[in-house]
Amino acid sequence: DELRRHNYVTPTSYLELIQTFKGLLEMKRTEVSTLQSRYAVGVEKLDFASSQVAIMQEELTALQPELVKTSEEVAEKMKQIEADSIEVDAKKELVAADEAVAAKAAEEANTIKTECEADLAVALPALA
């Protein structure tokens, strides 16, 4: 009406409009169906994950006493290891002291041996 023109709808253009509408409707139905199936699959996966989490939660709850028991055993072993390491350190000090005494005795014996060999070297030519 603005341009003072008349728009006529012919049977052919009306059929084209209906065909276009049907094509658009089918395309939208396919799109909605695809989105609906994706949504359904997503919900299904979330339900599965939720059930798995519930199962794991039950297993964790069932294993909690064992975990506490094991941690107590580990704490006891750590105390025992600390006590043993104190004993080992004390024995290590004793061994180090014994080793020092033995090294000193070996050094004295080596010194005596060297002196004896020197005296023997002097005495051998006199015997010959």
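General remarks:
- The criterion of being of a type in the set (Val, Ile, Thr), at pLDDT 95 or above and surrounded by 10 or more Cβ atoms within 10 Å (Cβ to Cβ) holds for Val32.
- Taking (1) within 28 Å of the chain's Cα centre (by Cα); (2) among the small types (Gly, Ala, Ser); (3) modelled with pLDDT under 95 in turn, Ser13 satisfies each apart from (1).
Residue by residue, here is whether (1) surrounded by 10 or more Cβ atoms within 10 Å (Cβ to Cβ); (2) more than 23 Å from the chain's Cα centre (by Cα); (3) at pLDDT 95 or above holds:
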site: Leu60; (1), (2), (3): yes, no, no
site: Lys77; (1), (2), (3): yes, yes, yes
site: Val88; (1), (2), (3): yes, yes, no
site: Lys92; (1), (2), (3): yes, yes, no
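- For region 1-29, taking the residues that are of a type in the set (A, V, I, L, M, F, W, C) and outside any helix (DSSP H, G or I), the one that is surrounded by the most Cβ atoms within 10 Å (Cβ to Cβ) is identified as Val9.
The values are calculated or read from the model by the stated rules, or taken from the named source; none is laboratory data. Computed from a prediction, not measured in an experiment: that's the story for all the values here. When we count neighbours, we look across all protein chains shown, and the Cβ atoms used for this are built from the backbone with ideal geometry, even at glycine.
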